[in-house]
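Data first, discussion second: the structure below is written as structure tokens.
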Amino acid sequence: MKTIPYKTYLPEEKLPQVWYNVRADMKELPDPMIHPGTHQPMTVEQISPIFVEECCRQELDNTTRYVDIPGAVMDYYKTYRPSPLCRAYHLEKALDTPAKIYYKFEGNNTSGSHKLNSAIAQAYYAKQQGLEYLSTETGAGQWGTALSMACAYTGLDLRVYMVKGSMIQKPYRKTVMETYGAGVIASPSDQTEVGRKILAAHPDTNGSLGCAISEAIEAALGKENCRYTLGSVLNHVLLHQSVVGLEAKAAMEMLEEYPDVVIGCAGGGSNLGGLMSPFIQDKLLGKRSPEFIAVEPSSCPSLTRGRYAYDFGDTGCTTPLLKMYTLGAGFMPHPNHAGGLRYHGMSPILSKLRHDGVIGAKSVAQKAVFEAAALFAKNETILPAPESSHAIRAAIDEAILCKESGEAKTILFCLSGTGYFDMTAYASYLDGSMTDYIPTDEDLEKGFATLPKV
């Protein structure tokens, strides 16, 4: 019998040298990003005042299958990559399942997550363009931390608008970002026009990623030699994150394994799309047919209860329009503990794949998520992030189904980050004060009412 190690690392010569663009293999492309006034497709020239220019080109490139990873980015990747592909032997034993459970662990860097994969790429391109400043938003804090690290390395100044509810829950995330030199502001704030408007309309709000995006864009447009960067949702972010799936696929090939089920937590789509893209390629090309499960919080269910429509990417309605599964830019998510999943929309690429039946989706409630997180921590030694724990919940559920049916499936999920800054959340779960929130149809209708007429 073949012996499979607990952890598998790719040798340096097998590290991916390219990113994979799944759009090049999609039978039908996602609908284009359009101008909110003219409803015409946006051009690189139109979006480059907001985003880094090379990222704009990658955003609109639907045909280049593989994009070379710049040498300087590869050099930085090698400080924390490859990340390990792990076999969850102890969890399998605890579940008494015939399933084989693998996870790609992305938490082995100070940001504690996969976010650094795109942060360093965007910072590199910004520096090459001659920019001096970047602005961004962050929910749970992983993206803000990652971009702070990348900006410190490349010599860029950074301002981060952090969702107020997350900053209250995990104040030391702010400290880490400031250690790397970033300025951090709780959002919504009184420092931007859109922030003041949001506060006037919702004075008691804990904020949302949509609010923070609006403020970060306004800050970028109001400062010379500055651009806005986003850590999820957009096409170029999923492109950079494909390194996760490319590594995972190569490691599984070394082990002569292939997943029957691929699982990722779903907020904006970065870790989900990053892990799944190379396996989705196999499905699109008819080589293999794994099942794909996107797992989102029941409190912010864009993929499972949202509408597939054009919408703004931010609460202030300042971005181009994106065709995606959305709860409406005006939707104010409940301040649950999965801060990185509190976003009203989903990646246009993943939304199109979901709409076309290539990937599936499910939503899970918070207490069940933390039950899975605790079980995983006890057996696999890693304390997972609340966001990642949504994927753990679904992986455990799949393994239990295998036990009931006797089917020995191979399950792969992305452990996208660690939960060491989420002690407030874990304490709430352990002391019994954690509650589940599921929006009613009436709650969702308030968000849908804000959808633009396209």
- Search result, residues across the stretch 221-243 that are farther than 24 Å from Met33 by Cβ and within 20 Å of the chain's Cα centre (by Cα): none
- Exactly one of (1) in contact with a helix residue (DSSP H, G or I) (Cβ under 6 Å, 6 or more places away or on another chain); (2) assigned by TED's automatic domain parsing to the domain that holds Ala146 is unmet by Leu221. Its number? (1)
- Task: Being aliphatic (A, V, I, L, M) and surrounded by 19 or more Cβ atoms within 10 Å (Cβ to Cβ) is the filter; apply it to the stretch 273-288 and report the residue that is farthest from Leu239 (Cα to Cα).
- Result: Ile280
- Select from the stretch 31-76 the residues that are hydroxyl-bearing (Ser, Thr, Tyr), under 23 Å from Ala126 (Cβ atoms) and touching a helix residue (DSSP H, G or I) at 6+ places or on another chain (Cβ under 7 Å) and list them in ascending order. Ser48, Thr64, Tyr76
- Entirely in the stretch 100-167, the strands (runs of 3 or more DSSP E) that have 1 or more residues that are in contact with a His (Cβ under 8 Å, 6 or more places away or on another chain) and touching a residue at least 60 places away in the same chain (Cβ under 8 Å): none
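The values are calculated or read from the model by the stated rules, or taken from the named source; none is laboratory data. This structure is a prediction, so every number in the text was calculated from the model and none was measured. As a convention, Cβ positions derive from the backbone with ideal geometry for all residues, glycine included, and neighbour counts pool all protein chains shown.
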